[in-house]
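One structure is given here, and the rest of the page talks about it.
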Amino acid sequence: MLTETILVTGGAGFIGSNFVNAWVKLDLGKVINLDKLTYAGNMENLADISQHPNHIFIHADIGDRQAVQELLKTYRPRAVLNFAAESHVDRSIHGPDEFIQTNVVGTFNLLEEVRGYWQALPADEQAQFRFLHVSTDEVYGSLGAHDPAFKETNPYQPNSPYSASKAASDHLVRAYHHTYGLPTLTTNCSNNYGPYHFPEKLIPLVIHNALSGKPLPIYGNGSNIRDWLYVEDHCSAIRQVLATGAPGETYNIGGWNEKTNLDVVHTLCDILDQERPKAQGSYRDQITFVKDRPGHDLRYAIDASKVERELGWKPQETFETGIRKTVRWYLGNPEWVEHVTSGEYQHWLNKNYHERGEELA
Ligand code: NAD
Ligand code: DAU
């Protein structure tokens, strides 16, 4: 018999840790959490469940076939959920190697071990098993201002080393279903935000810089559009896809919340003005326009009607409720922010923003 156990990769990162925390708190079974603990992986994200008997943390690389094989043999999970990835577009522009290594080669190695494990299962257990791959809307490329939102049938047109590496991993997952029959599920999600978001990404970076009195750097003129989804809604969508998604299918996940970057930053400044007013002026005064990201995609927008229609999933948060919760979380967790913004983080700020004419470190 397969256990009720799941194996999650990348569960110490932003979305993975939100997913693992929720899984344990909802009492859905045991979760084996495999994470390499790169700069983005943080055991503090898992502090609430560190002693919980249903959470087992394993420090390993998804590309370490021996380690993955051992885990599969030992715990006999009924599903493997792959969140592990290098995830930051700007870092992929500065150094794509790790993106190829983890997102492409790592996913390939993981798939190979999962295939071997799955093929050796008895037929009824094979039928229950799922490999769920967490991917991104960026694989579809960039939309014009009036184009319809991305559907699952849109062609892949990745534009950054990050999105190209995620696209490659999606293709491998697709091939493992088509060729070997591995029961895969792929989710392509829009921009997430919420607790434990690493402050290299726009929303947590702006909150952190605003409170530190630093410039709020907006690439280009701030008119690029992203489609924002509260991270807990993403996690509930993944649970729904895992439970009722059809093997071999892909599901787009989004919150129907398209915003320009300038709108997002204005909203953050306005909430901070209410929640933590400055002695003088507004946080908006700290906004500064900096050199654009090379190859910066203009617009992402997710058409989430398939997952809503076929699986009955809907997001709970609007952007307005989710963003206020997020700001409050950062205001309430200054130690977490302080710990993740020391060391390597300063080095990254120097590298990314110096060339844009800003000193943020
Ligand atoms: P993150 O960078 O915050 O976390 C990634 C985690 O993966 C970290 O804990 C890191 O230590 C781990 N990791 C990296 N390389 C690894 C390896 N070789 N082996 C094992 N663990 C490794 O990323 P995130 O924002 O939480 O994104 C999670 C997944 O969701 C990624 O696959 C990403 O492409 C996808 N996604 C993210 C967003 C978003 O807005 N953040 C949106 C859509 C899809
Ligand atoms: O769309 C899903 C993707 O969303 C995920 O696949 C990625 O893993 C995730 O990092 C995110 O990618 P983005 O590039 O959209 O996120 P980021 O927070 O880096 O940037 C959001 C927008 O804000 C983007 O248009 C670039 C802009 N930006 C970003 C930073 C860090 C700024 O204007 N200034 C900044 O300092």
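The values are calculated or read from the model by the stated rules, or taken from the named source; none is laboratory data. Predicted, not measured: the structure shown is a model, and the values here were computed from it. Cβ sites come from the backbone with ideal geometry, for glycine too, and all protein chains shown count toward neighbours. When the accessible area is computed, the model is the full protein with side chains, heavy atoms only, and any ligands, DNA or RNA have been set aside. Shrake-Rupley method; radii C 1.70, N 1.55, O 1.52, S 1.80 Å.
Which lysines have a Cα lying under 21 Å from the Cα of LYS291, excluding residues fewer than 8 positions away in the same chain?
Those lysines meeting the cut-off are LYS201, LYS214, LYS259, LYS351.
Can you tell me the equivalent ellipsoid semi-axes for the chain? Use √(5λ) from the Cα gyration tensor, largest first, whole Å.
34, 22, 19
Work out the length of the dipole vector of the range 263-359 about its Cα centre, built from +1 on the beta-carbon of each Lys and Arg and -1 on the beta-carbon of each Asp and Glu, and round it to the nearest 20 debye.
Numbers: 14 positive and 18 negative charges, 31 e Å.
It comes to approximately 160 debye.
Taking a cut-off of 23 Å, what percent of all Cα-Cα pairs in the range 43-147 are separated by more than that? Show your work: numbers first, answer last.
On the way: 2348 of 5460 pairs.
Percent of Cα pairs beyond 23 Å in the range 43-147: 43.
7 Å from Cα along Cα→Cβ at both ALA123 and ARG76: what's the point-to-point distance in nm?
The modelled label-to-label distance comes out at 1.9 nm.
First measure r as the distance between the Cβ atoms of TYR156 and SER50, then evaluate 1/(1 + (r/R0)^6) with R0 = 45 Å and state the FRET efficiency to the nearest 0.05. List each step's numbers first, then the result.
On the way: r = 39 Å, r/R0 = 0.86.
FRET efficiency, TYR156 to SER50: 0.70.
222 nm [θ] for the chain, helices only, -39500 (n - 2.57) per DSSP H run of 4+, per residue, to 500? Present the calculation step by step, with values, prior to reporting the outcome.
Details: 13 runs with 147 residues, N = 361.
About -12500 deg cm²/dmol.
Where the only charges are on Cβ atoms (+1 Lys, Arg; -1 Asp, Glu), what is the dipole of the range 16-117 about its Cα centre, to the nearest 20 debye? Let's see the in-between values first.
On the way: 9 positive and 13 negative charges, 98 e Å.
For this selection, approximately 480 debye.
Using a Cα-Cα cut-off of under 14 Å, which aspartates and glutamates could be cross-linked to LYS166, ignoring same-chain neighbours fewer than 8 residues away?
Answer for LYS166, where 14 Å is the Cα cut-off: GLU86, ASP97, GLU98, ASP137, GLU138, listed by chain and number.
Report the one residue of VAL80, THR136, ASN42 whose Cα lies farthest in the direction of the positive end of the charge dipole of the range 1-148 (charges on C-beta: Lys and Arg +1, Asp and Glu -1; origin at the Cα centre).
Of the listed residues, the answer is VAL80.
Give me the extension gain from GLU355 to ASP147: residue separation times 0.36 nm, minus the current Cα-Cα distance, reported in nm with one decimal.
Numbers: separation 208, 0.36 × 208 = 74.88 nm, distance 3.25 nm.
The span from GLU355 to ASP147 would gain 71.6 nm if fully extended.
Of the DSSP beta bridges with both residues in the chain, give the percent that are antiparallel, rounding to the nearest 5. Write out the running numbers ahead of the final one.
Numbers: 3 of 39 bridges.
Bridges in the chain that DSSP calls antiparallel: roughly 10 percent.
Rounded to the nearest Å, what's the spacing between the alpha carbon centres of the range 155-182 and the range 224-293? Just the number, please.
Spelled out, the Cα-based centre of one part sits 25 Å from the other.
Could you sort ASP233, ASP273 by their accessible area in this structure, using a 1.4 Å probe and putting the largest first? The partial results should precede the final answer.
Values: ASP233 5, ASP273 45 Å².
Accessible-area ranking of ASP233, ASP273, largest first: ASP273, ASP233.
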